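The values are calculated or read from the model by the stated rules, or taken from the named source; none is laboratory data. Remember, predicted model here, so these are calculated numbers, not experimental data. Note that we place each Cβ from the backbone using ideal geometry, even for glycine, and neighbour counts take in every protein chain shown. Protein only, heavy atoms only, side chains kept; ligands, DNA and RNA dropped before computing areas. Shrake-Rupley method; radii C 1.70, N 1.55, O 1.52, S 1.80 Å.
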Amino acid sequence: MATDPRDPEVPTMNGLKITRFGRPFQQDTWDLFSSLMLSLHLGSHRQFPFKTFPESFLGNEAVHNLASLKFIRSPDARNLSRIITTSTSELSLTEDSASGLMQHFIEGSLIKDATQDNSPFFKKKGIYQLTAKGLRVLEGFVEDNGIESDADHLVSVLSTQPLPRPRLWRLDRRPSDDELIINKSIIMNLFRHFVGRSPNYGLPGKDRAGVRLVEVARRTKLLDGLFLEGARPLDGKISAVQTTHCFEVPRMIKWLCDCTVIHSPVEAAEIAAHFVRFGLIALLSDKAKKNDFVQIFTISGSTPRGNSLVTSEAQFRYTQTAIYVITDEGNRLAVWDGGKPFGVQLSSSLSNTVNADVLVNAPSRASGSGPQSSRDEPVDPVNIARLNRFIADPTMRFLFREFLSEDSCEYYLSFWIDVEDLKTEFIKASHAIPDVPAPPVASSSKTPIEALATERHHESLNNIPFMIYNTYLAPSSKCELTFNMDDDLRNELQKCLEDTLEYLTNKALIADVEPAEEPTLSATQLETLIKLYERIQTMAFGVMATVFVPRFIKSSKFLANRLNPGAEDSNNINNYR
């Protein structure tokens, strides 16, 4: 059969497909790595004469095992022959090829040199430990393949992971060549995680999830000379020293390799070039000398109409001395300085299932006197229908929640369900009010019977809105729902809560005089809070439908249940495609 020129033959190694970077496809790379860890006995190794490194292994021992490794191939949702079953394969490698694979493990941030921080090269005489990313990959491998009994000797090293588990941002790849799938939504969401919920200057008690930034004093020194009178630094991409944040390229590349499924510094640099193309970062300075290592990555893509910030081509300089800035557009996306966040910002629907017309045709919104935000990206009505069915079906809801938890994003579904429960209880309480209220006594200051009944029936719901806020929306919460909220909604919620707390405080003072009065919320206040939560609920639904549903229907969990005729509710599962 002739080979399709659009799908060139992919090179192989021991029957494993190889990418343009010379490594096996990511799933096979992770399977090889995890199987190797199962074959090793991690222990303490000493670097003579001073230091001992726990839960480590020797490079030459790993090369020896890898050269003739019998490895487990995990189920692969992209390969119909490997959707459900786990298979076993055997490697036959030369010592040099095995060392090359170990180098790929280092570049993919699965292992690290225990004796030398950030050492980029594998040495057979070295001592190595698993990284936080390597531990996450290994743990997932053991669970996905149901081989916990074969991993007893790894319990101690797996238990070293912090709680909650560090997040590993997942990106989809093309099945044909294992290239990352790149589009605007993916780049924007990845960038928000890259910069974190607040600027990471390494200060105690502050959020350190994002890339570590250049210290404030050094940043000021780098930027001060740029903001002369009438100057437009970096073609107007930054506007003030105080709102401009800088980072070093090595720290950026390390973050992308450590905290995502990106498998090498080269692939990370290509993602960085897309950040440049979308106007989120810009080169500030590079003091690389003549003989220093310098790589320039050039990427291209489509240019959307009406967005002058996005270019059709961009370059990224990968050197040890380059410093980039987060532009004003990057700040806006990060929501550090009151900018509009990227995400699905949608009107709410009052029904139990979300209306596709509301999500697809949501209008753009403006905030105050600021510039009008661009039209929100529409949500596929098919994915809206799928998500409604997933939520309604207990089996699929459980599987979908498990899938979200792999990215530590199950709070999207939990928030949606908690708000739905609150709405249901509020409606029940409202219907319990008498149909024909007695009129108030003339000249009486007492509340009419209807209002009294309303307040009493809703008293049991008083604490729920605050519990939802503290769990999902408060600044101290680990959830990231506020990333996708626009300024108007955030400000409305803040004002509503402040007014409510002021009301309860005043009512508590009255209760000191009249003990019979309890400081509870009125039905109107509850309804106002619920309407605000509904808007956030619809936003969360849109994120799930846009980001997670397309990935979930390709996952091994979904496909295994869909193809397994004995699975619970299998007749319904086949309709989700």
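Annotations
- Criterion applied to Ala132, Ala151 was being among the small types (Gly, Ala, Ser) and either open to solvent by less than 20 Å² (accessible area, probe 1.4 Å) or free of Cβ contacts under 8 Å to residues at least 24 places away in the same chain (or both), and the one residue passing it is Ala151.
- Any hit, the range 98-120, residues being farther than 23 Å from Cys259 by Cα and charged (D, E, K, R): no
- Filter result for Asp177 (at pLDDT 85 or above and more than 26 Å from Thr319 (Cβ to Cβ)): yes
- Scanning the range 180-211 for residues that are in contact with a Gly (Cβ under 6 Å, 6 or more places away or on another chain) and charged (D, E, K, R) yields a count of 1.
Let's see how each residue does on (1) in contact with a Pro (Cβ under 9 Å, 6 or more places away or on another chain); (2) open to solvent by 50 Å² or more (accessible area, probe 1.4 Å); (3) in a helix (DSSP H, G or I); (4) modelled with pLDDT under 85:
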residue: Val63; (1), (2), (3), (4): no, no, yes, no
residue: Ile72; (1), (2), (3), (4): no, no, no, no
residue: Ala77; (1), (2), (3), (4): no, no, no, yes
residue: Ile84; (1), (2), (3), (4): yes, yes, no, yes
residue: Thr88; (1), (2), (3), (4): no, yes, no, yes
residue: Ser92; (1), (2), (3), (4): no, yes, no, no
residue: Ala98; (1), (2), (3), (4): no, no, yes, no
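- Which numbered condition Ile182 misses (of (1) over 30 Å from Met485 (Cα atoms); (2) assigned to a loop (DSSP other than H, G, I, E, B); (3) open to solvent by 40 Å² or more (accessible area, probe 1.4 Å); (4) of a type outside the set (Phe, Trp, Tyr)): (1)
- Scope the range 110-129; condition among the aromatic types (Phe, Trp, Tyr) and either touching a residue at least 40 places away in the same chain (Cβ under 8 Å) or closer than 27 Å to Ser555 by Cβ (or both); matching residues: Phe122, Tyr128
- Residue match in the range 212-231 (condition: of a type in the set (Phe, Trp, Tyr) and open to solvent by 10 Å² or more (accessible area, probe 1.4 Å)): yes
- Any pair with Cβ under 9 angstrom, 6 or more apart, that starts in the range 29-44 at a residue that is touching a residue at least 12 places away in the same chain (Cβ under 8 Å) and in a strand (DSSP E or B) and ends at one that is surrounded by fewer than 24 Cβ atoms within 10 Å (Cβ to Cβ) and among the acidic types (Asp, Glu): Gly43/Glu55; Ser44/Glu55
- Test: Ile262 is in a helix (DSSP H, G or I) and in contact (Cβ under 8 Å) with a residue 60 or more places away in the chain: no
- Considering residues of the range 401-425 that are in contact with a helix residue (DSSP H, G or I) (Cβ under 8 Å, 6 or more places away or on another chain), open to solvent by 30 Å² or more (accessible area, probe 1.4 Å) and within 24 Å of Asn470 (Cβ to Cβ) only, the residue modelled with the lowest pLDDT: Glu425
- Tabulated pairs, the range 466-478, first more than 14 Å from Ile417 (Cα to Cα), second open to solvent by 20 Å² or more (accessible area, probe 1.4 Å) and assigned to a loop (DSSP other than H, G, I, E, B), C-beta under 8 angstrom, 6+ apart or interchain: Asn470/Ser476; Lys478/Pro164
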